[in-house]
Amino acid sequence: MSARGIVNWFVDRLALKPILDYMHKKEVPQHHHTIWYYTGSSILLFLFIQIITGILLALYYQPTLEGANASVGRIMTELPLGWLVRSIHSWSATFMIATAVIHMLAIWFTKSYRKPREVTWMTGFVLLVVSMMFGFTGYLLPWDDLSLAATKVGTNIPKAIPVVGTWVTQLLRGGDDVTGDTLTRFFIFHVCVLPLLVFAVMIVHILLVQKEGMSIPLKDEVEKKKLPWLPFWPNFILRETMIWLVLLGILLTISVLFAPSLDLSADLMAPAPEGVKPEWYFLFLFQTLKIFPANMGPVTGEFVAVALILVVVVAIFFMPFLEGNPRGKRSKLVTYGGILGVIYAIVMSIWSLL
Amino acid sequence: MRKLGFGFLLVTVSLAMVPPATIAGQAGTPPSVKDKAQVEAALSSGQTGEAPAPQDVKPAASTAAKPAAKKPPAIRTEPIVPAYQNIKERAAVQVFFVWLWLSIGVLLYFLRWWVQEADRVFKAKFYEPVESPRKDNPLPPLLGE
């Protein structure tokens with residue numbers, strides 16, 4: 001049987017014809033914001049790399065108090081190219097979150113979340129939050145002093161929430177303090193719970209993107225302008241492949257040249273080391289918590305900070321509904337809010353690093 | 001554009017020649033065997049969570065008779081800086097690096113062609129149903145049509 005015959009056999013048996021037909025018919029509008037379409041698929045590329053390298057690391061990683069740091073050390077020093085696999089895993093996480101943030105901001109500023117794409121925006125935002133949770137849970141796994149201290153700070157934040165706060169902290173830690181149970185729990189979250197959640201939400205997100213099609217600029221939509229378009233297959237896919245190749249090359253280059261090191265195993269009884277810092281994407285939240293005073297009238301400063309962060313998170317999640325008319329006055333406020341938010345996050349992150 | 005791409009490729013390939021240890025501050029030191037031994041010892045001793053002092057461990061006269069004998073424990077005292085394990089691995093990574101960027105360069109070159117060809121075919125409406133020039137003035141079908 002020829003190669004073509006084998007492909008046709010699979011297409012027939014797996015009933016892939018409707019999907020292939022759909023891909024042939026799918027159109028990608030061409031306009032000055034088309035470049036942002038590529039960010040979505042780049043996230044998928046990094047997620048795929050995360051899965052492959054994550055599986056390789058999980059083959060040797062031991063999620064126990066005694067074995068965590070030593071097993072990461074073993075991966076780095078004994079296994080062939082183990083340090084590189086760990087480096088690619090770590091850097092692709094950074095790349096994935098960076099691309100997801102860029103993707104979200106592009107959608108924010110082009111107002112692509114407007115009707116009928118509200119749920120697409122909401123699922124996308126959930127995916128970004130889950131990606132950050134991947135980063136948070138993964139940060140503890142090497143079990144060094146810095147990751148232990150950062151996790152203590154991170155899991156302490158929910159305590160500021162009234163009624164359920166202490167319970168959430170205990171749920172995350174598996175007790176009152178960060179211990180070996182927390183490590184096992186974070187490992188399960190990292191390799192089991194969060195991947196399931198990501199896949200479930202991602203399927204809905206991608207299906208919605210296919211159902212509604214790619215959004216076009218608001219101005220062109222209002223003017224009902226007929227935009228030029230390109231077929232998704234093969235014209236757009238080929239362009240995407242070019243971008244994936246370049247991103248893959250950059251990722252591997254950075255992973256080889258700037259591989260992360262491994263600190264000494266964490267000591268539960270030791271005081272927190274100086275200069276505790278979370279991952280770069282949590283720096284602005286970390287600094288926000290730091291700038292609030294201990295007490296603000298009848299409530300603690302931490303409570304006010306956490307409440308504000310939660311309000312902003314909920315507002316972003318429901319943004320398509322809060323905005324109303326995408327050409328209205330409130331819509332401009334949302335855009336300015338986004339710009340201010342980006343400036344705030346950059347300034348706070350830099351401040352945190354100083 | 002092509003010159004720029006070639007320059008980028010050249011810079012990356014030369015960067016690939018620099019071992020990561022140099023950048024990380026451990027010029028050319030291969031992964032220390034000491035580190036390896038320490039990790040091994042930490043792994044074996046770490047199961048109990050305790051690390052007995054080296055002098056407490058006596059060499060076993062008969063290994064069969066004393067199954068509890070452990071390897072000399074050693075707790076790692078320095079962070080592990082990522083580095084090539086040996087010259088073979090270093091060479092493998094460098095060859096891979098060069099191969100990677102060359103492949104990317106070659107693939108991008110062909111993909112660009114492919115994109116141009118796909119766009120040309122699309123603009124020429126190659127796959128769209130052909131409108132017959134006889135549409136407005138239909139003629140009877142030819143024999144055998």
Quick check on residue A:227: is it at pLDDT 90 or above, more than 14 Å from chain B (Cβ to nearest Cβ) and farther than 22 Å from residue A:69 by Cα?
no
Kindly indicate whether residue A:269 is in a helix (DSSP H, G or I) and out of contact with any Pro (no Cβ under 9 Å at 6 or more places or on another chain).
no
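Is it true that residue A:256 is assigned to a helix (DSSP H, G or I), of a type in the set (A, V, I, L, M, F, W, C) and either within 30 Å of residue B:105 (Cβ to Cβ) or within 14 Å of chain B (Cβ to nearest Cβ) (or both)?
Values: assigned to a helix (DSSP H, G or I): yes; of a type in the set (A, V, I, L, M, F, W, C): yes; either within 30 Å of residue B:105 (Cβ to Cβ) or within 14 Å of chain B (Cβ to nearest Cβ) (or both): yes.
Yes: the conditions hold for residue A:256.
So that you can scan it fast, the table gives a plain yes or no per residue for (1) among the hydroxyl-bearing types (Ser, Thr, Tyr); (2) in contact with a Lys or Arg (Cβ under 6 Å, 6 or more places away or on another chain); (3) farther than 16 Å from residue A:278 by Cα:
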{"residue": "A:77", "(1), (2), (3)": "yes, yes, yes"}
{"residue": "A:86", "(1), (2), (3)": "no, no, yes"}
{"residue": "A:94", "(1), (2), (3)": "yes, no, no"}
{"residue": "A:113", "(1), (2), (3)": "yes, no, yes"}
{"residue": "A:129", "(1), (2), (3)": "no, no, no"}
{"residue": "A:135", "(1), (2), (3)": "no, no, no"}
{"residue": "A:144", "(1), (2), (3)": "no, no, no"}
{"residue": "A:167", "(1), (2), (3)": "no, no, yes"}
Can you tell me which condition residue A:223 does not meet? The list is (1) surrounded by 17 or more Cβ atoms within 10 Å (Cβ to Cβ); (2) without any contact (Cβ under 8 Å) to a residue 24 or more places away in the chain, and all the others hold.
(1)
Which of the numbered conditions does residue A:32 fail, given that it passes all the others? Conditions: (1) in contact with a helix residue (DSSP H, G or I) (Cβ under 9 Å, 6 or more places away or on another chain); (2) more than 23 Å from residue A:188 (Cα to Cα); (3) not polar (S, T, N, Q).
(1)
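So which helices (runs of 4 or more DSSP H) stay within the range A:11-120 end to end and still have 3 or more residues that are more than 14 Å from chain B (Cβ to nearest Cβ) and hydrophobic (A, V, I, L, M, F, W, C)? Before the answer, list the steps.
Working: elements: A:17-25, A:37-58, A:68-77, A:82-110.
Because the criterion is at least 3 residues that are more than 14 Å from chain B (Cβ to nearest Cβ) and hydrophobic (A, V, I, L, M, F, W, C), the helices (runs of 4 or more DSSP H) in the range A:11-120 that meet it are A:37-58, A:82-110.
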Taking the stated definitions as given, is residue A:47 among the aliphatic types (A, V, I, L, M) and within 30 Å of residue A:266 (Cβ to Cβ)?
yes
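The values are calculated or read from the model by the stated rules, or taken from the named source; none is laboratory data. From a predicted model like this one, the values you see are computed outputs, not experimental measurements. Please note: Cβ atoms are built from the backbone with ideal geometry, for glycine as well, and neighbour counts cover all protein chains shown.
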